[in-house]
Amino acid sequence: MRPPEPADLDRLADRGWPALEREDLDGWTLRAAGGVTSRANSVLTCGEVPEVEAAVEHAERWFRERGLPAVFQVSPASPSALVAALASRGYREHSRTDILVADRAEVVAAGATPSIAVADTPSAGWLDTWWAVDGRGGDPERAIVARILEATPALYAWAGDAAAPDAVARLALAGDWAGLYAVATLPAARRRGLARALAVALADAAGDHGVRHLWLQVLADNAAAHALYSGLGFRPASHYAYWTAPAA
């Protein structure tokens, strides 16, 4: 499989976890969702703009109007002058992340899985489990995440009791591509191969939706996750990092 261009991967990932508010900016996309998750509250910069400094200033005003810090997602598809422009304004880089891709069939062939349930809507306890592992905030933030999840077609998988799963994962559907998100296992259920089982089960179910290829994002320094996904056939295809404005 020939990996997509970095810009295409950036846009796929944006489709998989969409912001609740969006605005086009000459090839960039301004995104906001009440400050919940960096992806949904940052500038997607996978495109050229007429003037980088002017675009950065516009974005800063846009986020300021919403009471949010200005955050830029920077990848190989971003304008070459962007990093220097952000650094000169005191922005800091963080959350360096790799984008991995795989053929769906190769992931499915990785082997049989424990009993995993898959559906096109989350189970009663799906969000409870994900929020317990990765949630940040209270009820308002959780409600925003629920709206993000509902904003795009997806498959949901869980291990264990549907009302209180041990582990969960989500596969966002985007044509013949699908993106793996929200993989979370409760501490007491770790080291049982559940994350691997969830990925394989979702890849298998995605075949009924015309999916041929998969992508996912994983923090660059997460060696355990890289080892897991490498064993399923995922290979590096691109990367990005977030740049956040200094505190006022």
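The values are calculated or read from the model by the stated rules, or taken from the named source; none is laboratory data. Owing to the predicted nature of the structure, the values given are computational and were not obtained by experimental measurement. Methodologically, a virtual Cβ is constructed for each residue, glycine included, from the backbone with ideal geometry; neighbour enumeration extends over all protein chains shown. Note: areas computed on protein heavy atoms with side chains; ligands, DNA, RNA excluded. Shrake-Rupley method; radii C 1.70, N 1.55, O 1.52, S 1.80 Å.
Here's a check for you: in region 197-236, which residue that is among the small types (G, A, S) and under 15 Å from the mean Cα position of the chain (by Cα) is farthest from L86 (Cα to Cα)? Don't jump to the end; show me each part of the working.
Taking region 197-236 first, the residues among the small types (G, A, S) are 197, 199, 201, 203, 205-207, 210, 220, 223-225, 227, 230-231, 233.
Now narrow it down to the ones that are under 15 Å from the mean Cα position of the chain (by Cα): 199, 220, 225.
Numbers: A199: 36, A220: 21, A225: 30 Å.
Among those residues, the one meeting the criterion is A199.
I'd like to check something: does region 163-184 contain any residue that is touching a Lys or Arg at 6+ places or on another chain (Cβ under 6 Å), over 22 Å from T37 (Cα atoms) and open to solvent by less than 10 Å² (accessible area, probe 1.4 Å)?
No, region 163-184 contains no residue that is touching a Lys or Arg at 6+ places or on another chain (Cβ under 6 Å), over 22 Å from T37 (Cα atoms) and open to solvent by less than 10 Å² (accessible area, probe 1.4 Å).
So which residues in region 198-216 are open to solvent by 40 Å² or more (accessible area, probe 1.4 Å) and either under 17 Å from G16 (Cα atoms) or free of Cβ contacts under 8 Å to residues at least 60 places away in the same chain (or both)?
Start the filter on region 198-216 by keeping residues that are open to solvent by 40 Å² or more (accessible area, probe 1.4 Å), which leaves 204, 208-210, 212.
Of everything in region 198-216, those that are open to solvent by 40 Å² or more (accessible area, probe 1.4 Å) and either under 17 Å from G16 (Cα atoms) or free of Cβ contacts under 8 Å to residues at least 60 places away in the same chain (or both) turn out to be D208, H209, G210, R212.
Quickly run through region 169-207 and pick out the residues that are touching a Phe, Trp or Tyr at 6+ places or on another chain (Cβ under 6 Å) and more than 26 Å from D8 (Cβ to Cβ).
The one that is touching a Phe, Trp or Tyr at 6+ places or on another chain (Cβ under 6 Å) and more than 26 Å from D8 (Cβ to Cβ): A184.
Assess whether D98 counts as being part of a strand (DSSP E or B), acidic (D, E) and modelled with pLDDT of 95 or more. Spell out the reasoning first.
Working: part of a strand (DSSP E or B): yes; acidic (D, E): yes; modelled with pLDDT of 95 or more: yes.
Judged against the criteria, D98 is a match.
Which ones in region 115-134 are out of contact with any Leu (no Cβ under 8 Å at 6 or more places or on another chain), surrounded by 14 or more Cβ atoms within 10 Å (Cβ to Cβ) and assigned to a helix (DSSP H, G or I)?
The first filter runs over region 115-134 and keeps only residues out of contact with any Leu (no Cβ under 8 Å at 6 or more places or on another chain), leaving 115, 117, 121, 123-126, 128, 130-131, 134.
Going one step further and asking which of them are surrounded by 14 or more Cβ atoms within 10 Å (Cβ to Cβ), we end up with 117, 123, 125-126, 128, 130-131.
Matches in region 115-134: W126, D128, W130, W131.
Would you check which residues across region 31-54 are surrounded by fewer than 23 Cβ atoms within 10 Å (Cβ to Cβ) and farther than 21 Å from R142 by Cα and list them?
Passing the criteria: G47, E48, V49, P50, E51, V52, E53, A54.
Say whether the condition of being within 25 Å of A223 (Cβ to Cβ) and in contact with a helix residue (DSSP H, G or I) (Cβ under 9 Å, 6 or more places away or on another chain) is met by at least one residue in region 136-146. Steps first, answer last, please.
First pass over region 136-146, keeping only residues within 25 Å of A223 (Cβ to Cβ): 136.
Narrowing further to those that are in contact with a helix residue (DSSP H, G or I) (Cβ under 9 Å, 6 or more places away or on another chain): none.
No, region 136-146 has no match at all.
E57 fails exactly one of the following numbered conditions: (1) farther than 27 Å from E141 by Cα; (2) part of a loop (DSSP other than H, G, I, E, B). What is the number of that condition?
Just one mismatch for E57, condition (2).
Among the listed residues V101, V118, V107, V71, which satisfies the condition of being touching a residue at least 60 places away in the same chain (Cβ under 8 Å), under 16 Å from S238 (Cβ atoms) and under 22 Å from the mean Cα position of the chain (by Cα)?
On the way: V118 fails: under 16 Å from S238 (Cβ atoms); V107 fails: under 16 Å from S238 (Cβ atoms); V71 fails: under 16 Å from S238 (Cβ atoms).
Criteria check complete, one pass: V101.
Going by the conditions given, is D14 open to solvent by less than 40 Å² (accessible area, probe 1.4 Å) and under 16 Å from P76 (Cα atoms)?
Working: open to solvent by less than 40 Å² (accessible area, probe 1.4 Å): yes; under 16 Å from P76 (Cα atoms): yes.
For D14, the condition - open to solvent by less than 40 Å² (accessible area, probe 1.4 Å) and under 16 Å from P76 (Cα atoms) - is met.
Within region 72-88, is there a residue that is more than 30 Å from P50 (Cβ to Cβ), in contact with a Gly (Cβ under 9 Å, 6 or more places away or on another chain) and either at pLDDT below 95 or outside any helix (DSSP H, G or I) (or both)?
Within region 72-88, the subset more than 30 Å from P50 (Cβ to Cβ) is none.
The answer is no; no qualifying residue exists.
From the list S80, S75, pick out the single residue that is open to solvent by 50 Å² or more (accessible area, probe 1.4 Å) and of a type in the set (S, T, Y). Explain how you work it out, then say what you get.
On the way: S75 fails: open to solvent by 50 Å² or more (accessible area, probe 1.4 Å).
Criteria check complete, one pass: S80.
Select from region 60-71 the residues that are part of a loop (DSSP other than H, G, I, E, B) and touching a strand residue (DSSP E or B) at 6+ places or on another chain (Cβ under 7 Å) and write down the one among them that is surrounded by the fewest Cβ atoms within 10 Å (Cβ to Cβ).
That would be R66.
Among A55, A40, which is the only one that is more than 17 Å from A13 (Cβ to Cβ) and small (G, A, S)?
Working: A40 fails: more than 17 Å from A13 (Cβ to Cβ).
After ruling out the rest, the residue left standing is A55.
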